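K.L.:
Pasting a structure here, questions to come.
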Amino acid sequence: MYFERVEQYGVEQLVFCRDHKSGLKAIIAIHDTTLGPALGGTRMYPYASEESAVDDVIRLARGMTYKSSAAGLNLGGGKAVIIGDPMTDKSAELFHAFGRFIETLNGTYITAEDVGTTVADMDFIRQRTKFVTGISPEFGSGGNPSPFTALGVFHAIRAASLEAFGSAELLGKTIAVQGVGSVAYHLCRYLSEAGAKLIVTDVVQANAERAVMEFGAKMVDVDHIYGVECDIFAPCAMGGIINDDSLPLLKAKVVAGAANNQLKEEKHGDQLAAQGILYAPDYVVNSGGLINVADEWFGYNRERVLSRVEGIYNQLQRIFELSKEQQMPSFRAADRLAEMRIAKHRA
């Protein structure tokens, strides 16, 4: 069953990790190492089944391959998931055990934080392996990558606004933000400072309420965010939210957000284009965090990171141009650019 998924997504390795003493159940997917070792975060989530965890980690790992390539990084794509509730199941022993499993891969996979994990968790992993980034600044890192992810998303939204509306200025634009977690909180701050009007929602109501209090956002129920009147829809929660159910509801002219794997299937990217909605490919939009943690691996330089994160604006412009030249949806144009770079290194 799992070999079919491995073949479908072109995964090089799928590693199952089990430590009974700590309760660790984790899966590491290494998608492609053509450009270099596979770098990708560890997500902790209470998956309903092992199958759903496998599907998620494989899709996320594939996305990291494309994200690294599109960002111009000499890194491959990988991802890990820990099956568990990040609110109740964390322990130093669990992350120590996970670090030992990462060490056995001898640098093929390098981890970092992701949904449900933190800098502190990465510090525990670091006690058992050197193949980890996103650690505390005292160890020579850039710390929490969320602000860098958010900054990249902000520049991506500006680039998409230029393409869709003829101006990168966001003053007066209405932006619907789905999910106001660690990345989207910083994104909302950037958007608010740029003069955008915010509509927000989150499954954790306190997150949305914070955006209302600090940025003057309007809050709506989680099920209503798709159909609100807005210029830009920014998905910043879980993946697969552009699907058969949500597409007919969208009133935005642009979809650009921080979430991974926003398209449930490729056909939904085609349908967005058919509906005249500009899609900013997610793995390009949200690559700022990867750029930050990747720089740690090669010797951290904050100014270099900021320059590369700002470059997401220009990269999206190139993707939109290729999309028009080749008369293909933007997500296919992004894939083509990423695949061309990987193919060049294989040659």
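The values are calculated or read from the model by the stated rules, or taken from the named source; none is laboratory data. Fair warning: this is a prediction, and the values are worked out from it, not measured in the lab. Neighbour counts run over all protein chains shown; Cβ positions are idealised from the backbone, glycine included.
K.L.:
When residues of the stretch 168-187 are filtered for being at pLDDT 95 or above, buried (at least 22 other Cβ atoms within 10 Å of the Cβ) and in a helix (DSSP H, G or I), how many remain?
P.N.:
3
K.L.:
Return only the number of the condition from (1) closer than 18 Å to G240 by Cβ; (2) among the small types (G, A, S); (3) surrounded by fewer than 24 Cβ atoms within 10 Å (Cβ to Cβ); (4) modelled with pLDDT of 95 or more that A29 does not satisfy.
P.N.:
Here A29 clears every test but (3).
K.L.:
If I ask for residues that are free of Cβ contacts under 8 Å to residues at least 60 places away in the same chain and crowded, with 18+ Cβ neighbours inside 10 Å, which ones from the stretch 248-263 would you list? Walk me through it before giving the result.
P.N.:
Taking the stretch 248-263 as the starting set, the residues that turn out to be free of Cβ contacts under 8 Å to residues at least 60 places away in the same chain are 248-251, 255, 262.
Answer for the stretch 248-263, where residues must be free of Cβ contacts under 8 Å to residues at least 60 places away in the same chain and crowded, with 18+ Cβ neighbours inside 10 Å: L250, V255, Q262.
K.L.:
Given (1) assigned to a helix (DSSP H, G or I); (2) modelled with pLDDT under 95, identify the lone condition not met by M238.
P.N.:
The single condition M238 does not satisfy is (1).
K.L.:
Any residue at all in the stretch 93-102 that's out of contact with any helix residue (DSSP H, G or I) (no Cβ under 9 Å at 6 or more places or on another chain), surrounded by 20 or more Cβ atoms within 10 Å (Cβ to Cβ) and in the same structural domain as S49 (by TED's automatic domain parsing)?
P.N.:
yes
K.L.:
Quick check on the stretch 83-91. Is at least one of its residues in a strand (DSSP E or B) and surrounded by 18 or more Cβ atoms within 10 Å (Cβ to Cβ)? Before the answer, list the steps.
P.N.:
If we filter the stretch 83-91 for residues that are in a strand (DSSP E or B), which is where we start, we get 83.
So of that shortlist, the ones also surrounded by 18 or more Cβ atoms within 10 Å (Cβ to Cβ) come out as 83.
Yes: one or more hits.
K.L.:
What are the residues in the stretch 212-246 that are hydrophobic (A, V, I, L, M, F, W, C) and over 21 Å from the mean Cα position of the chain (by Cα), if any?
P.N.:
V212, M213, F215, A217, M219, V220, V228, C230
K.L.:
Got at least one residue in the stretch 50-59 being surrounded by 24 or more Cβ atoms within 10 Å (Cβ to Cβ), assigned to a helix (DSSP H, G or I) and within 18 Å of the chain's Cα centre (by Cα)? Break it down into steps so the answer makes sense when it comes.
P.N.:
Within the stretch 50-59, the subset surrounded by 24 or more Cβ atoms within 10 Å (Cβ to Cβ) is 57.
Narrowing further to those that are assigned to a helix (DSSP H, G or I): 57.
Checking the rest, the ones that are also within 18 Å of the chain's Cα centre (by Cα) come to 57.
Scanning the stretch 50-59, I find at least one residue that is surrounded by 24 or more Cβ atoms within 10 Å (Cβ to Cβ), assigned to a helix (DSSP H, G or I) and within 18 Å of the chain's Cα centre (by Cα), so the answer is yes.
K.L.:
Pick from T42, T118, T111: which is under 18 Å from the mean Cα position of the chain (by Cα), of a type in the set (S, T, Y) and modelled with pLDDT under 95?
P.N.:
Values: T42 fails: modelled with pLDDT under 95; T111 fails: modelled with pLDDT under 95.
Sole residue among the options that is under 18 Å from the mean Cα position of the chain (by Cα), of a type in the set (S, T, Y) and modelled with pLDDT under 95: T118.
K.L.:
Still on this structure, I have one more. Among the residues of the stretch 222-264, what is the count of those that are of a type in the set (G, A, S) and either closer than 14 Å to V177 by Cβ or not assigned by TED's automatic domain parsing to the domain that holds R332 (or both)?
P.N.:
Going through the stretch 222-264 one residue at a time, the tally reaches 7.
K.L.:
Out of (1) closer than 21 Å to T149 by Cβ; (2) in contact (Cβ under 8 Å) with a residue 24 or more places away in the chain; (3) charged (D, E, K, R), what's the single condition that is false for E193?
P.N.:
Against the list (1) closer than 21 Å to T149 by Cβ; (2) in contact (Cβ under 8 Å) with a residue 24 or more places away in the chain; (3) charged (D, E, K, R), E193 comes up short only on (2).
K.L.:
Can you give me the number of residues within the stretch 106-148 that are hydrophobic (A, V, I, L, M, F, W, C) and assigned to a loop (DSSP other than H, G, I, E, B)? It would help to see each step written out before you state the result.
P.N.:
The first filter runs over the stretch 106-148 and keeps only residues hydrophobic (A, V, I, L, M, F, W, C), leaving 110, 112, 115, 119-120, 122, 124-125, 131-132, 135, 139, 148.
Remaining after also requiring assigned to a loop (DSSP other than H, G, I, E, B): 112, 115, 131, 135.
Number of matching residues: 4.
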